[in-house]
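Asker: Okay, here's the structure, questions in a sec.
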Amino acid sequence: MRKDLAYFASSACGAIGYYVAGLKAELQRILGLDRQWPVVLVGFGNLGSALFHYRGFGRQGFRIAAIVDDDPRKVTREVESVPIVHSRDLAREVKARGIQIAIVAVPAESAQPVTDQLVSAGIRAILNFAPARLKVPRECV
């Protein structure tokens, strides 16, 4: 492990170890945790709403930039300045906002169609909170 870390750590101190703060910053940079990642949240029912209000995502660098839902009573509203858009506008929102990550919080029967739509829109990572196993094309894995 030490030699592996030495590859990344410009803060190596010879035989005595590493400067932890420098190593932590470098590992965060490599993992992409040193920036904000815009995320689309699909589904704004009870679970989706709870996930939206969970502050842990923000502390880890994930910012919900758009919410997608099919309920006409929710669509075209905003929640804390985040727009709620209809699923037919998902691809446009993903592209316009440079989103690569999605959170899926929909019922089981909707999970796979939503996932297919996300993959088609260019989403590269999905956090699945739906009670279903999702299948994505092999080239996305």
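The values are calculated or read from the model by the stated rules, or taken from the named source; none is laboratory data. In this text the structure is predicted, and so the values were computed from the model without any measurement. Cβ sites come from the backbone with ideal geometry, for glycine too, and all protein chains shown count toward neighbours. Only protein heavy atoms, including side chains, enter the accessible area calculation; ligands, DNA and RNA are left aside. Shrake-Rupley method; radii C 1.70, N 1.55, O 1.52, S 1.80 Å.
Asker: Between the DSSP loop rule and a limit of at most 10 other Cβ atoms within 10 Å, which GluC sites (Glu not before Pro) in the range 78-140 are left?
Answerer: Loop-located and lightly packed - GLU80.
Asker: Please report, as a whole percent, how much of the solvent-accessible surface of the range 36-104 comes from carbon and sulfur atoms (probe radius 1.4 Å).
Answerer: Carbon plus sulfur share of accessible area: 51 percent.
Asker: Below 8 Å, C-alpha to C-alpha, sequence gap of six or more: please give me the relative contact order for the range 84-141 in percent.
Answerer: That works out to 38 percent.
Asker: With a cut-off of at most 15 other beta carbons within 10 Å, and DSSP calling the residue loop, which chymotrypsin sites (Phe, Trp or Tyr not before Pro) in the range 21-63 qualify? Please list them.
Answerer: Here the chymotrypsin sites (Phe, Trp or Tyr not before Pro) that fit, given the DSSP loop and packing criteria, are TYR54.
Asker: When only the heavy atoms of the protein chains count and the probe is 1.4 Å, how do LYS74, LYS24 rank by accessible area, highest first?
Answerer: Of LYS74, LYS24, the descending order of accessible area is LYS24, LYS74.
Asker: Let me ask you something else. If R₀ is 22 angstrom, what is the calculated FRET efficiency for the pair ARG63 and LEU31, using the beta carbon separation as r and rounding to 0.05?
Answerer: With a Förster radius of 22 Å, E is 0.85.
Asker: Now a separate question. For the range 74-141, rounded, prolate or oblate, judged on the Cα gyration tensor with a ≥ b ≥ c (square roots of eigenvalues), a/c < 1.5 rounded, else prolate if a/b > b/c? Provide the component values of the computation, followed by the final result.
Answerer: On the way: a/c = 2.07, a/b = 1.37, b/c = 1.51.
It is oblate, given that a/c is not under 1.5 and a/b is not larger than b/c.
Asker: With every protein chain left in place, what is the accessible area of LEU118 in Å² (1.4 Å probe, nearest 10)?
Answerer: Approximately 0 Å² of LEU118 is accessible to the 1.4 Å probe.
Asker: Determine the gain in length on full extension of the stretch ASP70-ALA108; use 0.36 nm per residue of separation and subtract their C-alpha separation, reporting nm with one decimal. Provide the component values of the computation, followed by the final result.
Answerer: Working: separation 38, 0.36 × 38 = 13.68 nm, distance 1.50 nm.
So the extension gain works out to 12.2 nm.
Asker: Can you tell me how the range 13-141 classifies by the Cα gyration tensor, rounded, prolate or oblate, using a/c under 1.5 as the rounded cut?
Answerer: The shape class here is prolate.
Asker: Calculate, in nm to one decimal, what TYR54 and VAL82 gain on full extension: separation in residues at 0.36 nm each, minus their alpha carbon distance.
Answerer: Separation in residues times 0.36 nm, less the Cα-Cα distance, equals 8.6 nm.
Asker: Under the rule of at least 5 residues apart or a separate chain, name every residue whose amide H is placed under 5 Å from the amide H of ARG77.
Answerer: Close amide H contacts, sequence-distant or interchain: ILE84.
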